[in-house]
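See structure below.
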Amino acid sequence: MATCRVCGKEAAVRLRYANLWLCREHFLEFFERRVERTLRRYGMVREGDRIGVAVSGGKDSMVALYVLSRLGERVGFEVCGLHIDLGISAENYSRVCLQRVVEAFRELGLVYRVLSLKEEYGFTVEEAAKRVRRPQCAVCGLVRRYVLNKMALEMGVTKLATGHHLNDFAVFIVNNVVHANYAYLARLKPMLLARAGLVARIRPLLETPEHDIAAYARFLGIRYADIRCPYGAEEPTKVVGRFLEIVEKRSPGITMMMVRGFIARCLPILESRFGEEEVRACKECGYPTTGDLCAFCRLLRRIGARG
Ligand code: AMP
Ligand code: ZN
Ligand code: ZN
């Protein structure tokens, strides 16, 4: 029987990258401490912050919500919840997500807001993508970025947290190196500061492997939407993800090393090379943009939706 390294009781989980067996209780403690360390290391939160967690209903952002709620009391920040109902009808995707998210917000007793795209703007992501003949995921990403920012500003959120984790980061890094998108890589930061019209963004699970997120959800009995977006197969990043899994299996810990190394050694160089782009306020809505109209307002015009 494998035993917990801390207390010697029967272990419930093995963390390969650290060659560590832990029982349920000590895993939860280890997990939350690491997120707290990430928050402090990158200066992500301050006492008195109002952290808005963007929750999709999937495992990662749901765990972000629970762990931040638990840490909030300890560190001294407030947590509230944000969800966009994208109206994806295939496989009932959005309905299931919405249900899980609202259950969690209520269980945690949080202030929250749910925005339905259809009700607010008159279209779903599926309809918009069809109308402008662009890939579903591109339209969805654009809409989510814009709408989450708008909701956060309206709710008085000081920082918007997403569920991006260590493996997401690793995939982003490799993908953007492959495509030589160095200017984009320069924006791959633990925290994006607030700018005119843009709320600050933080990624508290940046140093947390996906495997551990799944274990945390299991141990706490967190009910999340265990379905993938039916359009997710379009994403080319999946191949890179599988490649990195193989590498990690062969050399446990290498993903963490790469991401930490990138942030500490590579990001400062990229940032000094690629400064922030010159932006102005969108003529329609004030959102920062390089042109006259922001991408969201251009989308609204093209599909003739109300704004
Ligand atoms: P993804 O691009 O699907 O990996 O999502 C990245 C992050 O965006 C998630 O971890 C969530 O924090 C947030 N997010 C995604 N979809 C939604 C949604 N429908 N409502 C609120 N937040 C979302
Ligand atoms: Zn233990
Ligand atoms: Zn605009």
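The values are calculated or read from the model by the stated rules, or taken from the named source; none is laboratory data. All figures in this text were calculated on a predicted structure; none of them were measured in a lab. All Cβ positions, even for glycine, are placed from backbone atoms using ideal geometry, and neighbour counts span all protein chains on display. Side chains are part of the model used for accessible areas, which takes the heavy atoms of the whole protein and leaves out ligands, DNA and RNA. Shrake-Rupley method; radii C 1.70, N 1.55, O 1.52, S 1.80 Å.
Measuring with a 1.4 Å probe in the full set of protein chains, what accessible area per residue, in whole Å², belongs to the chain?
52 Å²
Per residue of the chain, what 222 nm ellipticity follows from adding -39500 (n - 2.57) for every DSSP H run with n ≥ 4, rounded to the nearest 500?
-15000 deg cm²/dmol, from helical runs alone.
Given LYS118/LYS150; LYS159/LYS283; LYS159/LYS189; LYS150/LYS283, which pairs have Cα atoms separated by over 19 Å?
LYS159/LYS283
Along the positive direction of the dipole of the range 185-306 (beta-carbon charges: Lys, Arg +1; Asp, Glu -1; about the Cα centre), which of LEU198, CYS229, GLY291 reaches farthest?
GLY291
Using DSSP loop states and a limit of at most 12 other Cβ atoms within 10 Å to flag GluC sites (Glu not before Pro), what is the longest stretch of the chain containing no flagged site?
Between the exposed loop sites, the longest stretch runs 48-275.
Using the Cα gyration tensor of the range 212-307, with a ≥ b ≥ c the square roots of its eigenvalues, what is the shape: rounded (a/c below 1.5), prolate (a/b larger than b/c) or oblate (neither)?
Because a/c hits 1.5 or more and a/b fails to exceed b/c, the range 212-307 counts as oblate.
As an exercise, identify the chymotrypsin sites (Phe, Trp or Tyr not before Pro) in the range 220-299 lying in DSSP coil whose Cβ has no more than 13 other Cβ atoms within 10 Å.
none
Mind ordering 54-65, 174-185 by average Cβ neighbours within 10 Å, highest first? Walk me through the intermediate numbers first.
On the way: 54-65: 24.7, 174-185: 14.2.
Output ranking for 54-65, 174-185: 54-65, 174-185.
Report in % the part of the accessible area of the chain that belongs to carbon and sulfur, leaving out ligands and nucleic acids; probe 1.4 Å.
The C+S portion of the solvent-accessible surface of the chain is 51 percent.
I'd like the trypsin sites (Lys or Arg not before Pro) in the range 96-137 restricted to DSSP loop residues with at most 15 other Cβ atoms within 10 Å, sorted by number.
Values: sites: ARG100, ARG106, ARG113, LYS118, LYS130, ARG131, ARG133; in loops: ARG133.
Counting only loop positions with at most 15 other Cβ atoms within 10 Å, the trypsin sites (Lys or Arg not before Pro) in the range 96-137 are ARG133.
Cα gyration tensor of the range 1-89, axes a ≥ b ≥ c as square roots of the eigenvalues: rounded (a/c below 1.5), prolate (a/b > b/c) or oblate?
Oblate is the answer for the range 1-89, as a/c is 1.5 or above yet b/c matches or exceeds a/b.
How do VAL143, VAL75, VAL114 stack up against each other in accessible area, from largest to smallest, with a 1.4 angstrom probe?
Order by accessible area, largest first: VAL114, VAL75, VAL143.
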